[in-house]
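Nothing in this text is a laboratory measurement; each read-out follows from the coordinates by a stated rule. Fair warning: this is a prediction, and the values are worked out from it, not measured in the lab. Here Cβ is always computed from backbone atoms with ideal geometry, including for glycine, and neighbour counts include all displayed protein chains.
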């Protein structure tokens with residue numbers, strides 16, 4: 001089989017072959033045969049679930065000008081490829097380099113698209129939690145400092161320009177896109193006039209070689225807690241994946257949260273590296289970190305704290321809650337300092353940041369929602385017409401939508417919301433589930449975190465995928481302490497509606513796990529579903545019931 005095909009042995013050879021057949025007509029490269037059009041190139045290798053090489057006939061039928069496939073095991077596709085037709089054989093080449101096509105595809109795509117990461121400052125963010133918030137805020141802050149040469153983002157929310165409505169973000173379905181789509185996206189961003197890109201670097205993306213071929217200007221570490229053990233197998237392997245980002249070739253700068261034990265160890269290792277601009281960050285007043293946050297106080301508009309760098313001190317009023325978000329903001333400011341911005345300018349750029357979709361997103365009753373886009377009750381910076389998160393009292397329950405889907409993330413946001421619930425004089429609710437076909441070890445740990453930090457717990461479905469929803473819930477229940485009276489409702493829409501219907505006006509109701517997602521996956525089928533829309537509808541129903549004569553009498 002492979003003897004009938006042209007064999008290519010290096011990324012340079014593969015790039016040249018693709019340019020001759022695809023580049024001449026301005027075609028694109030893709031690893032998804034469904035996105036291949038006339039004149040495009042298709043790149044395929046064996047995957048964990050399916051072998052991409054099986055889709056070569058479909059790509060050719062759609063007009064692919066070239067198909068580059070991984071060489072090992074190609075004999076299995078001899079009949080499907082129909083190599084007796086010379087015209088078809090000329091459009092297929094086998095990559096036989098020792099690293100394999102999966103590892104070579106990043107450098108191949110980077111070469112094909114003209115090394116786009118050399119035209120952009122790629123700011124790569126890794127960590128268990130906080131990647132999306134950090135990338136979103138970093139892109140905003142850097143764009144404010146460079147309005148004519150802004151910063152885009154690539155991550156869980158998608159690819160594009162960060163705006164208050166997120167309308168210019170196009171989803172990819174992955175935290176870190178596949179290596180071909182990543183290089184294509186970087187090329188488009190550079191051509192659109194962006195000067196930088198805040199990139200979420202997931203541990204899986206790093207191991208899967210999706211970032212290979214990318215030049216990284218700054219690597220940033222947020223934190224490290226349990227997740228993805230279904231993929232990595234152990235915490236040690238998970239950590240090695242994260243740490244690999246800081247071994248990137250010719251990495252000039254790094255930002256590390258040293259309040260995290262793994263981050264502290266990482267910083268000690270990096271401190272010995274000659275020529276590396278290392279910025280350490282901490283919330284501890286007695287820390288020797290290069291950038292520190294002190295005197296963190298909750299205000300009616302979020303959090304206010306002091307930022308210290310050497311003898312310099314400046315203050316920031318942030319429209320968010322939670323010490324973990326202070327850590328995220330320190331990472332943003334440290335990255336801006338890496339890029340040469342003065343401390344005062346970096347802090348000022350963080351003073352008017354838009355909230356992150358599906359990350360500690362506040363909703364209150366009476367807020368109208370445009371079709372498909374709920375309106376939030378976000379924490380304002382003061383002086384705006386937005387509705388502040390009430391610190392005391394409230395006419396309706398306060399709902400919070402967040403993406404927290406790890407034990408640590410769930411505990412952190414519940415701890416952040418506890419003072420708010422106390423000030424309002426209400427209870428703190430937690431509505432959540434766990435994703436199917438993902439790390440099952442964390443399920444009872446999330447149940448334990450919810451029971452410890454919330455007054456009322458409602459267990460429901462997240463994205464069950466191929467697993468029975470009730471079986472996942474039962475695993476969560478194993479972490480609940482004796483006597484914990486958790487409600488169980490597998491239907492997520494019903495669970496959200498039931499929790500908010502039972503909540504009193506001063507209560508705070510956290511709906512965790514899915515955040516910005518606009519679907520729910522059950523038994524392999526994705527159906528439209530939005531926590532944000534469900535919360536908005538439930539709050540409208542709550543208000544309507546209380547304003548009706550029957551509700552008033554009740």
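Values for this structure:
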{"read-out": "Compactness relative to 2.2 N^0.38 Å, alpha carbon Rg of region 1-121", "value": "0.99"}
{"read-out": "Gyration tensor (alpha-carbon) shape descriptor, region 154-290, a/c threshold 1.5", "value": "prolate"}
{"read-out": "Cα-based shape type of region 400-554, given that a ≥ b ≥ c are square roots of the gyration tensor eigenvalues and the cut on a/c is 1.5", "value": "oblate"}
{"read-out": "Contact order normalised by residue count of region 239-320, Cα under 8 Å, 6+ apart, percent", "value": "18 percent"}
{"read-out": "Principal-axis tilt of helix 407-424 within the chain, Cα atoms, nearest 10 degrees", "value": "30 degrees"}
{"read-out": "Structure-based [θ]222 nm, the chain - -39500 (n - 2.57) summed over DSSP H runs of at least 4, per residue, nearest 500", "value": "-10000 deg cm²/dmol"}
{"read-out": "Cα centroid separation, region 492-542 to region 162-202 (Å)", "value": "28 Å"}
{"read-out": "Degrees separating the helix 492-502 axis from the principal Cα axis of the chain, which is the longest one", "value": "10 degrees"}
{"read-out": "Protection proxy ranking of 481-489, 305-313, 39-47, 181-189 - average other beta-carbon atoms within 10 Å, highest first", "value": "181-189, 39-47, 305-313, 481-489"}
{"read-out": "The chain - convex hull of alpha carbons, volume per residue in Å³", "value": "161 Å³"}
{"read-out": "For region 113-186: rounded, prolate or oblate by the Cα gyration tensor [a/c cutoff 1.5]", "value": "rounded"}
{"read-out": "Peptides 267-276, 48-57 ordered by average Cβ neighbours within 10 Å, highest first", "value": "48-57, 267-276"}
{"read-out": "Between helix 531-547 and the chain: long-axis angle, C-alpha atoms, 0 to 90°, nearest 10", "value": "20 degrees"}
{"read-out": "Stretchable slack from residue 164 to residue 298, in nm (0.36 nm times residue separation minus alpha-carbon distance)", "value": "45.9 nm"}
